[in-house]
1. Which one of these is assigned by TED's automatic domain parsing to the domain that holds F102, surrounded by 18 or more Cβ atoms within 10 Å (Cβ to Cβ) and not hydrophobic (A, V, I, L, M, F, W, C): G187, G156, G200, G168?
2. Do the conditions hold for P175, that is, is it in contact with a Ser or Thr (Cβ under 8 Å, 6 or more places away or on another chain) and touching a residue at least 24 places away in the same chain (Cβ under 8 Å)?
3. Tell me which residues, restricted to the stretch 7-44, are crowded, with 21+ Cβ neighbours inside 10 Å and among the charged types (D, E, K, R).
4. Looking at (1) in contact with a helix residue (DSSP H, G or I) (Cβ under 9 Å, 6 or more places away or on another chain); (2) over 22 Å from I190 (Cβ atoms); (3) in contact (Cβ under 8 Å) with a residue 40 or more places away in the chain, find the lone condition where D113 falls short.
5. Collect the residues in the stretch 119-137 that are modelled with pLDDT of 95 or more, outside any loop (DSSP other than H, G, I, E, B) and surrounded by fewer than 24 Cβ atoms within 10 Å (Cβ to Cβ), keeping them in residue-number order.
6. Determine whether I144 is within 30 Å of V128 (Cβ to Cβ) and touching a Gly at 6+ places or on another chain (Cβ under 7 Å).
7. Do we find a residue being among the β-branched types (V, I, T) and over 27 Å from G131 (Cα atoms) anywhere in the stretch 76-92?
8. So which residues in the stretch 5-37 are free of Cβ contacts under 8 Å to residues at least 24 places away in the same chain and touching a strand residue (DSSP E or B) at 6+ places or on another chain (Cβ under 8 Å), if there are any at all?
Amino acid sequence: MDTPYEKTGRIVVITINRPAHSNAINHAVREGLRDAWERFEHDEASVAILTGAGDRSFCAGMDLVEMSQEKLASLPRDFLPILGDSIRVTKPVIAAVNGAAFAGGWLFAQMCDLCVASEHATFAITEVKVGRGMVWAPPLINMIPQRLMLELLLTGRTISARRAYEIGFVNQVVPHGQLMGAAMQLGQEIADGAPLTVSGAKEMVYLSTEMGRTAAMRAAYHVFEPVLRSQDAQEGPVAFREKRKPDWRGC
């Protein structure tokens, strides 16, 4: 199975499972991820974690052997299952980067809402080395400074997990053996929050990256109006007063 889907409580772990091929993206991986994201969006789970099988690679990008055999040139926009572009997922997704995240692997880390990396993980946008294009890269300008982005795109240079953390691409770097534990802990903290507020916060942040300050403020009021009118908005203060854990209903 190229994309196992494992559920623990309210957290789903989705794994790119081609370790013998550096978890490179072939047809089976593309379709497996597409199905997994669709399943997660309609699942009762609150958070998903995307990772790669093995200790060497998170995802090495497109399977260049398959690409050369099929003579793939310009790709349709929905060719890759990209969250926020060809795939809509309203709940938070965490990348748990266990090794090399190159080209499409960088994309998969980038498209997730948060990123936890093993201390031996590495990152690179390598398209310049193989004559391909990084048409998925524009959202990166909202994550890292312009000159750093240009350096990465123009050179294809590999950076460490620590450097990715320093430039703001990675949220947390942990020892390799603690990677999934750290990602699960982060996921549980999110899952413990009010679900309507969590989904509203995600929507607000992405709307804000496409708007000026005033428009983003207006959009935030619109996003959170139904949240503030929900039963959960009443339950939270009551649970606080009664010194108990809230019973979130998502309504």
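1. Answer to the selection: G187.
2. yes
3. R18
4. (2)
5. Correct list: T122, A124.
6. yes
7. yes
8. Answer for the stretch 5-37, where residues must be free of Cβ contacts under 8 Å to residues at least 24 places away in the same chain and touching a strand residue (DSSP E or B) at 6+ places or on another chain (Cβ under 8 Å): just E6.
The values are calculated or read from the model by the stated rules, or taken from the named source; none is laboratory data. Worth saying up front: this structure is predicted, and the values here are computed from it rather than measured. Note: ideal-geometry Cβ built from the backbone for every residue, glycine included; neighbour counts use all protein chains shown.
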